[in-house]
1. State which stretch of the chain is the longest one without any exposed GluC sites (Glu not before Pro), exposure meaning a DSSP loop state and at most 16 other Cβ atoms within 10 Å.
2. Contour minus end-to-end for ALA15 and ARG66, with contour as 0.36 nm per residue of separation and end-to-end as the Cα-Cα distance?
3. How fast does the range 3-66 diffuse by Stokes-Einstein, in µm²/s, taking the Kirkwood radius from C-alpha pairs at 25 °C and 0.890 mPa s?
4. Can you sort ASP219, ASP97 so the residue with the fewest Cβ neighbours within 10 Å comes first?
5. At a threshold of 8 angstrom on Cα-Cα distance, excluding pairs fewer than six apart, so keeping six or more, what relative contact order does the range 1-120 reach in percent?
6. So what's the angle, to the nearest 10 degrees on a 0 to 90 scale, between helix 14-26 and the longest Cα principal axis of the chain?
7. Number of Lys pairs in the chain with C-alpha atoms less than 25 angstrom apart, excluding same-chain neighbours closer than eight positions?
8. Nearest 0.05, what FRET efficiency do GLU2 and LEU113 give at R0 = 45 Å with Cβ-Cβ as r?
Amino acid sequence: MEAIFSYRRRSVSAAEVAFIRDLIDRHPRASRRALSVKLCEAWDWRQPNGARRDMVCRGLMLGLHRAGHIELPPLVKSPPNPLAKRVRPAPVEVAMDPMAGSLAECGPLEWRLVRRTADEALFNSLIEQHHYLGYSQPVGAHLKYLILARERPIACAAWSSAPRHLRPRDQFIGWSPEVRQRNLQGIAYNQRFLVLPWVRVPHLASHLLGAMARRISDDWLLAYGHPIHYLESFVDPQRFAGTCYQAANWIGLGPTKGRGKDAPSWEANRPVKQILGYPVHRDFRRCLGVT
């Protein structure tokens, strides 16, 4: 079947457009949201963890509507979009007296996955106040780790879906654009990593990176229904040497082009960063579809 429309890697044929039109006609009082839920159920369109792809489906239907392929019912209401106008995280007070000593003296570390928990506000606040980039809400699949020692926060790490196009990464893995499109979900991007500034524990950062590499695949599997095979991050060489990543055996892959995904031209519009990668296991290429 020839595709007449495509959205977020989902192609739609003329027969499927006709199905959607019939679905709308059979539910004349249904809202746009209700129609997207019904279409997800009809197509059994789900994420690997079993949840409906409701938001993606809604975007696809809106795209078809704007392209003139279908006619959606009028908007009932337009709730504010928290991603379009973000409120900065409010400060949360924590003890800032220095913590020093060796890793052994810190005692057992406590790892908390804090997304959608009572601790998420604390995580967001710590990143906003103490990370040089501030807090940025991850888009798509993501995990947030809050690490504690002696019942005190000592570090934060945010992981999210990987950038779609990254030439040094793609060359290192050796996959084609088609294979990358199918298997990009097997990569997690270290969006933020912060050891709090009053914590002075030698080798802590590289120890945490190693511990995360050992556990993130299982945590991602529980949250999203599929494992992680490869990790990546960026380091600004004007600010950091990336020593903790090197000590944790991450691999330097080369510089970025200095262009974000929304760059209006081919000219660099942001600092050039170093790309770092970390295979979670030896056969990561096979798991990412490279034969």
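Taken together, the values in this text are just the output of simple stated rules run on the coordinates, not laboratory data. In this text the structure is predicted, and so the values were computed from the model without any measurement. Note that each Cβ is placed from the backbone with ideal geometry, even for glycine, and that neighbours are counted across all protein chains shown.
1. Within the chain, the longest run free of exposed GluC sites (Glu not before Pro) spans 152-266.
2. Stretched out fully, the ALA15 to ARG66 stretch lengthens by 16.5 nm.
3. Working: Rh = 11.9 Å.
Translational diffusion coefficient: 206 µm²/s.
4. Neighbour counts put them in this order, fewest first: ASP97, ASP219.
5. 19
6. Relative to the chain, helix 14-26 is tipped by roughly 80 degrees.
7. For the chain, qualifying lysine pairs total 8.
8. 0.55
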